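Here is the structure we will look at.
Values in this text are rule-based calculations from the coordinates and carry no lab data. On a predicted model such as this, the values are computed, not experimentally measured, just so you know. Heads up, the Cβs are rebuilt from the backbone with ideal geometry, glycines too, and the neighbour counts pull from every protein chain shown.
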Amino acid sequence: MAKILISAKHGTENPTLATLPYIAAKAAKAQGHEPIVWLWDEATALARPGAADHIVGVNVKPLKDVLAEVTEMKIPIWVCKGCAVARGVGVDTMIPNAEIKEMPDFIQALIESDKNVEY
């Protein structure tokens, strides 16, 4: 079993790349691994409830459906604090499984991870 840190930086500007980190996390969890999705930059805006409701990438499930599956699988979603603040995403206004984290948390997760993937 591997610990996998999946970094996501895309939001509404690229629906396909916004969705792929969650699909990767689901696949990793289904294979018995321990994924964490880390949201940076524009991806942090998708931590707001309803923000992903109309995002559909190319040849992937709608992000709303993928996020529901990620929630059901209890995959942690870590949201960069500075990026979230810049986009008006707060602790009280986040999707299930999401929590605000800071750079030391990211570095620690990176050190403890067997693999790091970036989308």
Per residue of segment 18-30, in order, report the coupling 6.51 cos²θ - 1.76 cosθ + 1.60 (Karplus, θ = phi - 60°) as ³J(HN,Hα) in whole Hz, putting x for Gly and Pro. 6, 8, 4, x, 6, 5, 5, 5, 4, 5, 4, 5, 4
Under-5 Å amide H pairs with residue 55, H placed in peptide plane, nonlocal only: 63, 64
Residues other than residue 104 with Cβ under 13 Å of its Cβ, Lys/Arg counted +1 and Asp/Glu -1, net out at -1
Based on the Cβ-Cβ distance from residue 86 to residue 30, what FRET efficiency comes out when R0 is 25 Å, to the nearest 0.05? 0.15
Please name which of 11, 76, 31 has its Cα lying farthest along the dipole of the chain towards the positive end, using unit charges on Cβ (Lys, Arg +1; Asp, Glu -1) and the Cα centre as origin. 31
Enumerate lysine pairs in segment 3-118 that are 8 or more residues apart or on different chains, then count those whose Cα atoms are under 20 Å apart. 25
Please list, ordered by chain and number, the residues whose modelled amide H lies under 5 Å from the amide H of residue 3; skip anything fewer than 5 residues away on the same chain. 34, 114, 115
List the residues of segment 74-105 whose backbone N lies under 14 Å from a point placed 7 Å from the Cα of residue 116 along the Cα-to-Cβ direction. 103-105
A convex hull over the alpha carbons of segment 3-118 yields, per residue, a volume in Å³ of 86 Å³
